[in-house]
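Below is one structure, written out as structure tokens; comments come after it.
The values are calculated or read from the model by the stated rules, or taken from the named source; none is laboratory data. Since we're looking at a predicted model, the values are computed, not measured. FYI the Cβ positions are ideal-geometry reconstructions off the backbone, even for glycines, and counts take in every protein chain you see.
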Amino acid sequence: MKEQNLKSFLLDPYLLLSIGSFLVLFLPFLGTIPYLDGNIDFVKGYDFFSGGFSKLFQNWASVHPPGKELIALAFFKLFGVNRYSYTLISPLFGVLGIILIYLLTSRIFGKIPGRISTFLLAINPLFLSVGIFSLTDYLLTIFVIGSFYFYLREKIFPFVIFLTLSFLTKESGLLVPLSIILIELLTIKETVSKKRSFPLNAWLALIFPFLIVYFWFNFLKINGKPLWSDWNFSETAKQGSLYTIVNNLTTFSFFNKYAYENWLHLFVLNFNWLYWSILIVGTFLLLKKNLLKKPFTMFLNTSSGKTLLSIILFCTLYSLTVLSFQTYPIPRYVLPITPFIFLGVAKSLQEIQKSLKITWSLFLIPLLPVIGMSLFLSLDPISSTLWNKETVLGQEIYAMRKKLAGNDGITYNMQYALIAKKRTQQILAAKIKGQIVYSENCFWIYPDPRNDSKTNQVLKLNINFEKPCLNTDF
């Protein structure tokens, strides 16, 4: 693809349409009271804001690296501690992620796939629902996209910034530099022979996140804290999460019920099977057309080729390590892979369109109703068969919480956002009318009383937690 000015990319009306669609879907939920894991992140952020690491370590058994807390700290400093400042994080970083996936896909496959992948991510129900409270997997997803984009462009300073932010957001971000290092080592013979060796400063950029890991590990050790170790249900839980991951890989224990559930989320949940079907057909057509024309070694010699291989390796390692970890299999754990599925789907749609020689409208018009259903309804017949249904605050959703996922299994589309908004309205009505929430299901109003009580105090909601809610469904 010919080099084009960044400004021409950013003014692409299709990119602006994607950003606009994202904001239209997201902004009605600005100011929603933090909920479920979003509330846990809010309380952690406030602990860090009000008492630094000492309070964070005092109140939590183990913690992720403090990237999310540092971002929350900045927003609390700028806009105060309130439900609007906390939910403002999401649209700002979401727009950044949308721009980055557009730039990444366009540089690898061209502008048309770039436009398609961008729109698919911008209106993706998982991306939007996890983004409502800027959960760590949401931020990680954005930083991972940025890391691969700046690796492709060989822009060292932003490359090292996004690599570092990936790890500081969540430990699994370390899989990005690891994937790139392995691909660079695999291709080093070819690149040297073509006099295109990876520059020294780029190697230093790849090593830098591992130095951050070293300092973080020792900082935790000094403060008597382990690496993240909560909710480890494996037989090796006492040895720590890192030992569990290594043991899973070396003993093939990554084949377990938690992995199977996460892989179902990745490949099936909420019409994901449709995207994978498109990806498989498109990949077959692409390989059939290009494999004999472009030998594998030529593929390795290009920046786009190495970036694509690094992305594929990252998704593979993530699936075998993170998605197989023996903890609650929550839908959001597949989010860091999702943008790269859309990258492949976009190229696949282009290949299918060329093969069938039909107009784009015949492709995309049938796809739009499916996207609309997946956003606000739970009508996927395969998902309904696998997980059945339950009703939460008026929304009929897949009952994944009854299949290992726990309460956060409801976070997979905008029905979660509607549930959280209805809860917010009921709590705010109680604040005005008498400090008792009246709801059809009090369990879903305060599913985590300990942290919900803290948020009640921090946001000055004035709900009496001795008797905060009364059911109205009897």
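Close Cβ contacts (under 9 Å, 6 or more residues apart or on different chains) running from residues in the range 417-439 that are surrounded by fewer than 19 Cβ atoms within 10 Å (Cβ to Cβ) to residues that are of a type in the set (A, V, I, L, M) and in a helix (DSSP H, G or I) comprise Ile436/Ala430; Tyr438/Ala429; Tyr438/Ala430.
Report yes if some residue within the range 355-369 is surrounded by 19 or more Cβ atoms within 10 Å (Cβ to Cβ) and in a helix (DSSP H, G or I); otherwise report no. There is no residue in the range 355-369 that is surrounded by 19 or more Cβ atoms within 10 Å (Cβ to Cβ) and in a helix (DSSP H, G or I).
Residues in the range 1-35 that are aliphatic (A, V, I, L, M), part of a loop (DSSP other than H, G, I, E, B) and at pLDDT 95 or above: how many?
2
The numbered conditions (1) closer than 26 Å to Asn59 by Cβ; (2) touching a helix residue (DSSP H, G or I) at 6+ places or on another chain (Cβ under 6 Å); (3) among the aliphatic types (A, V, I, L, M) are all true for Val213 except (2).
The set of residues in the range 440-463 that are over 31 Å from the mean Cα position of the chain (by Cα) and either surrounded by 19 or more Cβ atoms within 10 Å (Cβ to Cβ) or not in a loop (DSSP other than H, G, I, E, B) (or both) contains only Ile463. With the requirement that a residue be part of a loop (DSSP other than H, G, I, E, B), surrounded by 12 or more Cβ atoms within 10 Å (Cβ to Cβ) and of a type in the set (Gly, Ala, Ser), what does the range 217-245 give you? Of everything in the range 217-245, those that are part of a loop (DSSP other than H, G, I, E, B), surrounded by 12 or more Cβ atoms within 10 Å (Cβ to Cβ) and of a type in the set (Gly, Ala, Ser) turn out to be Ser229, Ser234, Gly240. Taken as a whole, the range 77-85 holds no residue that is surrounded by 21 or more Cβ atoms within 10 Å (Cβ to Cβ) and either modelled with pLDDT under 95 or part of a helix (DSSP H, G or I) (or both). Sort out which residues of the range 400-413 are surrounded by fewer than 24 Cβ atoms within 10 Å (Cβ to Cβ) and either modelled with pLDDT of 95 or more or of a type in the set (S, T, N, Q) (or both), and write them in order of number. The one that is surrounded by fewer than 24 Cβ atoms within 10 Å (Cβ to Cβ) and either modelled with pLDDT of 95 or more or of a type in the set (S, T, N, Q) (or both): Asn407. Within the range 36-76, restricting attention to residues that are hydrophobic (A, V, I, L, M, F, W, C) and outside any helix (DSSP H, G or I), the residue that is surrounded by the most Cβ atoms within 10 Å (Cβ to Cβ) is Leu36.
Let me confirm something: among Ser310, Ser324, which residue is assigned to a helix (DSSP H, G or I), at pLDDT 90 or above and among the small types (Gly, Ala, Ser)?
On the way: Ser324 fails: assigned to a helix (DSSP H, G or I).
That would be Ser310, the only listed residue that is assigned to a helix (DSSP H, G or I), at pLDDT 90 or above and among the small types (Gly, Ala, Ser).
Go through the range 403-439 and count every residue that is in a helix (DSSP H, G or I) and closer than 25 Å to Asn270 by Cβ. Final tally of qualifying residues: 15.
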